[in-house]
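> Below is one structure. I have some questions about it.
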Amino acid sequence: MSLVRLLAGLGLLLQAACDRPGACPAGQAVALSADAAERRIAAVLPKGWTVAARAKGVVPYGVVPGPGGPDAAAVRLTLVGPERVAISGYHCVRGAFCAEPIAAREAVEVWIVSAAFAESAGPPAMTTRGASLIASCRGRAIYGLASRYAGEAIDFDGGFTGSSTETSRMPPASGDLPVSWQTWRQDVGAVVR
């Protein structure tokens with residue numbers, strides 16, 4: 001076997017190891033700061049997508065922290081796309097029912113946490129959908145969830161309740177909501193590799 005083929009095969013093995021959530025090959029051990037991960041995520045946004053909101057010290061939606069508790073340095077980025085989506089039948093932040101359609105846009109919420117952050121094995125939060133681990137390498141873990149965004153006044157928390165209806169199509173009970181950025185999981189996960 002030639003050296004070129006051997007090195008190519010090793011490269012594929014390293015890439016495959018980093019594609020699995022929680023796995024990081026030894027050659028990728030150089031730590032990545034949260035700020036650097038944020039900049040890299042902003043750099044991979046497709047045309048028409050922007051970083052609309054940033055919050056610090058938040059737990060990925062639908063994830064119960066383990067014994068170490070929440071990651072105080074965790075960052076949530078709300079990435080908003082160009083597609084508009086009408087939402088109706090949603091309970092607003094202050095508990096009032098919004099009977100009129102809410103003009104929202106497609107979104108992806110991304111949490112950048114320390115790789116030491118651990119999920120609890122306890123019961124899941126009361127939600128139909130939650131963030132899932134996308135990648136964990138270089139000292140960072142990235143969680144993500146396709147969502148909807150209607151500005152700071154209305155918080156969809158990344159999920160929908162049974163009383164929520166997306167007028168264009170019913171949100172799935174599990175899996176991602178449809179967004180125009182179809183490769184967002186791969187693109188965002190690649191920032192820590």
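> Please list, ordered by first then second residue, the pairs with beta carbon atoms under 8 Å, 6 or more apart or interchain, first in the stretch 47-60 and more than 20 Å from Arg148 (Cβ to Cβ), second open to solvent by less than 40 Å² (accessible area, probe 1.4 Å) and in a loop (DSSP other than H, G, I, E, B).
Close Cβ pairs (under 8 Å, with a partner that is open to solvent by less than 40 Å² (accessible area, probe 1.4 Å) and in a loop (DSSP other than H, G, I, E, B)) amount to Lys56/Ala74; Gly57/Asp71; Gly57/Ala74.
> Within the stretch 46-74, can you find the residues that are open to solvent by 30 Å² or more (accessible area, probe 1.4 Å), at pLDDT 90 or above and in a loop (DSSP other than H, G, I, E, B)?
Pro46, Lys47, Gly48
> Of the residues that sit in the stretch 82-131 and are closer than 30 Å to Arg193 by Cβ, part of a strand (DSSP E or B) and open to solvent by 40 Å² or more (accessible area, probe 1.4 Å), which one is modelled with the lowest pLDDT?
Glu119
> Could you go through the stretch 132-151 and let me know if any residue there is of a type outside the set (Asp, Glu), closer than 19 Å to Gly57 by Cα, modelled with pLDDT under 85 and surrounded by 22 or more Cβ atoms within 10 Å (Cβ to Cβ).
Within the stretch 132-151 (the criterion being of a type outside the set (Asp, Glu), closer than 19 Å to Gly57 by Cα, modelled with pLDDT under 85 and surrounded by 22 or more Cβ atoms within 10 Å (Cβ to Cβ)), the answer is no, since none of the residues qualifies.
The values are calculated or read from the model by the stated rules, or taken from the named source; none is laboratory data. This is a predicted model, so every value here is computed, not measured. Cβ: placed from backbone, ideal geometry, glycine included. Neighbour counts: every protein chain shown. What goes into the accessible areas is simple: the full protein's heavy atoms, side chains included, and nothing from ligands, DNA or RNA. Shrake-Rupley method; radii C 1.70, N 1.55, O 1.52, S 1.80 Å.
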